[in-house]
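Each remark here refers to the structure printed beneath this line.
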Amino acid sequence: MRERFKRKMQTSGVFRQLLAGPYIVWMVAFIVIPLLLIAYYGFTVKTDDGLRFSLSNLTLIANPINLKALGLSLELSLISTIICLILAYPIALMLRNRNVGSDSFVIMIFMLPMWMNFLLRTIAWQNILEKTGVINSLLSVFGIKPLNLINTSGAIVFGMVYNFLPFMILPIYNVLVKIDQNVINAARDLGANAFQTFIKVILPLSVPGMISGITMVFVPSLTTFVISSILGGSKIVLIGNVIEQQFKFLGNWNAGSGLSLVLMIFILISMALVSIYDKDDVKGF
Amino acid sequence: MKTRRILENIYIGLVMVFLYAPILVLVVLSFNASKSRAKWGGFTLKWYGELFQNREIMSALSNTLLIALLSALFATVIGTLAVIAMSRMKKVPKTILTTLSNIPMLNAEIVTGVSLMLVFVAVNMKLGFNAVLIGHITFNIPYVVLSVLPKMKQTNSSVYEAALDLGATPVKAFCKVVLPDLMPGIVSGFILSFTMSMDDFVITHFTRGAEIHTLSTKIYAETRKGIKPEMYALSTLLFVSVLVLLIIVNKRNMAEAKKRKN
């Protein structure tokens, strides 16, 4: 009887691992191979007698226009990440302290805007920020001259913060709600004031949430081409716009891939950061 | 203490205004009689009527919904099976699998989109509906894995073993004992996938070719020459129906929780 049970468990274990088959096949076919293909295109150039190995696509980044685009992308995405962090942390903390009930309710509030199309929401900001838009109309009531808000770097940062703020709030909130209230009470009992408790207990415990929030905001901000083309006008070019142009309009896939590879260096750095703090293990039934 | 509470409320209120202001703008625009979004031409319901006659928007809507539904279904099945498999794996293969699912989550959308396009072109597959669908399944799988994984951690192996001990086959034991525990994660993975697919622009932009439009790509194409007001009407309808649905579900959950307490 025991033997049979043991055998049953073992076969079910082997069988169960086979269930990962479709996942592995799918992820290799549509994640791993595509990335290898980008590397292949990125390291080659088209010549009259076929493809040839070359680093020229990667060095395209040194071209002043591309370098400026990359620099601006880094600057704006860094600024919007910092703003998101500053805005999101207090919100996450307040939601935690309030015991708003279910986590699903909190998630719902921040996910709900996504049901209005992302492009439309960004276009709506055009309406608000325009020369004749909502903000300037309000200002003119008070006799203030219209501000030049749209088609500036500031408008792009604004769009980034707007679109990605929920991705900063949710991971921080998720970490904060898991902090045991007893840990906080213990700190207070031992004489720490609210500020000390925050600096010494809550903040360190929330680092993993902050890291994951930072990457969830930084990477999409760094690589966007939609927000910049809607709110930045045609004069401000980010690295995402450069890459999109190469693929969609100029048809130079090798150059586009080379620039994508350069961009991926920054993405890899953030992925490495995440994996350092993500040491969770799955067990279960 | 009281002033602090008020300050907190003001802060939360401001962030909510920030998040929901553009939505309000779009709802208002859907009732605007003037075709230009720059000026208010009086209240009208005209766009809501014309919406259903607009064949282009209707076909974009059906593509969007179909892709969202199918991609969420496929992703839920593939992702859930993977999590079930992971629970019996040794540390190294498990880490490899979770890293695999982290790649599309952390990678730039533009890189994912472009790389998928390169693969489809390399195998001579025509860009279009199927290509978009494959793309959406790919970026949805990680959301399912991420939602189901925490539920899997909470399951208890001795309950499952007890079921086997009492004579249940592994499949039956799984369905009766483990699946109910995973269900909330599976459902939220499905909903998350559906939402992400509905809202996606970048992956669709690179994989759709010239044949099909989803709502996102249609809006993007119209950005320069001006969005058709019917589009505002449609998004208002979509938004309001989801809002109503969520309120109903939330109310029911609250009522159930109350009942359990009594």
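The values are calculated or read from the model by the stated rules, or taken from the named source; none is laboratory data. None of the values given here were measured: they were computed from a predicted structure. Ideal geometry is used to build each Cβ from the backbone, glycine not excepted, and the neighbour counts take in all protein chains shown. The protein model used for the area step is the full one, side chains on, heavy atoms only, and it has no ligands, DNA or RNA in it. Shrake-Rupley method; radii C 1.70, N 1.55, O 1.52, S 1.80 Å.
Counting only residues that are outside any loop (DSSP other than H, G, I, E, B) and among the polar types (S, T, N, Q), which one in segment B:45-69 is nearest to the other protein chains (Cβ to nearest Cβ)? Steps first, answer last, please.
Of the residues in segment B:45-69, the ones outside any loop (DSSP other than H, G, I, E, B) are B:46-51, B:55-69.
So of that shortlist, the ones also among the polar types (S, T, N, Q) come out as B:59, B:62-64.
Details: B:SER59: 16, B:SER62: 16, B:ASN63: 14, B:THR64: 9 Å.
The selected residue is B:THR64.
Go through A:GLY159, A:GLY143 for me and flag whichever is more than 7 Å from chain B (Cβ to nearest Cβ), open to solvent by less than 70 Å² (accessible area, probe 1.4 Å) and farther than 26 Å from A:PHE225 by Cβ. If you could, list the steps in order and put the result at the bottom.
Working: A:GLY159 fails: farther than 26 Å from A:PHE225 by Cβ.
A:GLY143 is the lone residue from the list that is more than 7 Å from chain B (Cβ to nearest Cβ), open to solvent by less than 70 Å² (accessible area, probe 1.4 Å) and farther than 26 Å from A:PHE225 by Cβ.
Report those helices (runs of 4 or more DSSP H) wholly inside segment B:140-233 carrying at least 2 residues which are within 11 Å of another protein chain (Cβ to nearest Cβ) and open to solvent by less than 30 Å² (accessible area, probe 1.4 Å).
Working: elements: B:157-165, B:170-173, B:179-199, B:202-207, B:215-223.
Per the criteria, B:157-165, B:179-199, B:202-207, B:215-223.
Is it the case, given these coordinates, that B:ILE84 is part of a helix (DSSP H, G or I), open to solvent by less than 50 Å² (accessible area, probe 1.4 Å) and farther than 21 Å from B:THR155 by Cα? Give the derivation first.
Numbers: part of a helix (DSSP H, G or I): yes; open to solvent by less than 50 Å² (accessible area, probe 1.4 Å): yes; farther than 21 Å from B:THR155 by Cα: no.
Taking the combined requirement at face value, the residue does not satisfy it.
When you check B:VAL77 against the structure, is it open to solvent by 40 Å² or more (accessible area, probe 1.4 Å), over 21 Å from the mean Cα position of the chain (by Cα) and aliphatic (A, V, I, L, M), yes or no?
Numbers: open to solvent by 40 Å² or more (accessible area, probe 1.4 Å): yes; over 21 Å from the mean Cα position of the chain (by Cα): no; aliphatic (A, V, I, L, M): yes.
When the stated conditions are applied, B:VAL77 does not pass them.
Cβ-Cβ distance below 7 Å, separation of 6 or more or different chains: which pairs start in segment B:105-117 with a residue that is within 7 Å of chain A (Cβ to nearest Cβ) and end on one that is open to solvent by 10 Å² or more (accessible area, probe 1.4 Å) and among the aromatic types (Phe, Trp, Tyr)?
B:VAL114/A:PHE247; B:LEU116/A:PHE30
How many of the residues in segment A:62-92 are surrounded by fewer than 18 Cβ atoms within 10 Å (Cβ to Cβ), at pLDDT below 90 and aliphatic (A, V, I, L, M)?
So the count comes out to 3.
Kindly evaluate B:ALA72 against the criterion of being in contact with a Phe, Trp or Tyr (Cβ under 6 Å, 6 or more places away or on another chain), in a helix (DSSP H, G or I) and more than 12 Å from chain A (Cβ to nearest Cβ).
Working: in contact with a Phe, Trp or Tyr (Cβ under 6 Å, 6 or more places away or on another chain): yes; in a helix (DSSP H, G or I): yes; more than 12 Å from chain A (Cβ to nearest Cβ): yes.
Against the criterion (in contact with a Phe, Trp or Tyr (Cβ under 6 Å, 6 or more places away or on another chain), in a helix (DSSP H, G or I) and more than 12 Å from chain A (Cβ to nearest Cβ)), B:ALA72 qualifies.
Which pairs do you get when a residue that is farther than 10 Å from A:LEU129 by Cβ, found in segment A:142-155, comes within reach of a residue that is open to solvent by 50 Å² or more (accessible area, probe 1.4 Å) and of a type in the set (Val, Ile, Thr), reach meaning Cβ atoms under 9 angstrom, with the pair 6+ apart or on two chains?
The qualifying pairs are A:PRO146/A:THR132; A:PRO146/A:ILE135; A:SER153/A:ILE79.
Which residues, counting only those in segment A:23-42, are at pLDDT 90 or above and either over 24 Å from A:GLN246 (Cα atoms) or more than 7 Å from chain B (Cβ to nearest Cβ) (or both)?
Once the filter is applied, which keeps residues that are at pLDDT 90 or above and either over 24 Å from A:GLN246 (Cα atoms) or more than 7 Å from chain B (Cβ to nearest Cβ) (or both), segment A:23-42 yields A:TYR23, A:ILE24, A:VAL25, A:TRP26, A:MET27, A:VAL28, A:ALA29, A:VAL32, A:LEU36, A:ALA39, A:TYR40.
So A:VAL217 ticks every box in (1) within 26 Å of A:LEU120 (Cβ to Cβ); (2) more than 14 Å from chain B (Cβ to nearest Cβ) but one. Which box is left unticked?
So the condition that A:VAL217 fails would be (2).
Quick check on segment A:99-112. Is at least one of its residues without any contact (Cβ under 8 Å) to a residue 12 or more places away in the chain, out of contact with any Pro (no Cβ under 8 Å at 6 or more places or on another chain) and open to solvent by less than 20 Å² (accessible area, probe 1.4 Å)? It would help to see each step written out before you state the result.
Within segment A:99-112, the first condition is being without any contact (Cβ under 8 Å) to a residue 12 or more places away in the chain, and the residues that meet it are A:99-102, A:104-105, A:108-109, A:112.
If we keep only those that are out of contact with any Pro (no Cβ under 8 Å at 6 or more places or on another chain) too, we end up with A:99-102, A:104-105, A:108-109, A:112.
Going one step further and asking which of them are open to solvent by less than 20 Å² (accessible area, probe 1.4 Å), we end up with A:112.
Within segment A:99-112, one or more residues are without any contact (Cβ under 8 Å) to a residue 12 or more places away in the chain, out of contact with any Pro (no Cβ under 8 Å at 6 or more places or on another chain) and open to solvent by less than 20 Å² (accessible area, probe 1.4 Å).
Can you confirm whether B:LYS126 is open to solvent by 10 Å² or more (accessible area, probe 1.4 Å), basic (Lys, Arg), free of Cβ contacts under 8 Å to residues at least 60 places away in the same chain and out of contact with any Phe, Trp or Tyr (no Cβ under 6 Å at 6 or more places or on another chain)?
Details: open to solvent by 10 Å² or more (accessible area, probe 1.4 Å): yes; basic (Lys, Arg): yes; free of Cβ contacts under 8 Å to residues at least 60 places away in the same chain: no; out of contact with any Phe, Trp or Tyr (no Cβ under 6 Å at 6 or more places or on another chain): yes.
No.
Can A:ARG96 be described as facing chain B (nearest Cβ under 7 Å), at pLDDT 80 or above, in a helix (DSSP H, G or I) and crowded, with 19+ Cβ neighbours inside 10 Å? Walk me through it before giving the result.
Values: facing chain B (nearest Cβ under 7 Å): no; at pLDDT 80 or above: yes; in a helix (DSSP H, G or I): yes; crowded, with 19+ Cβ neighbours inside 10 Å: yes.
No.
Return only the number of the condition from (1) assigned to a loop (DSSP other than H, G, I, E, B); (2) among the β-branched types (Val, Ile, Thr); (3) over 20 Å from A:LEU222 (Cα atoms) that A:ILE150 does not satisfy.
Here A:ILE150 meets the rest and fails (3).
(1) in contact (Cβ under 8 Å) with a residue 24 or more places away in the chain; (2) within 12 Å of chain B (Cβ to nearest Cβ); (3) over 30 Å from A:ARG121 (Cβ atoms): which one isn't true of A:LEU205, the others all being true?
(2)
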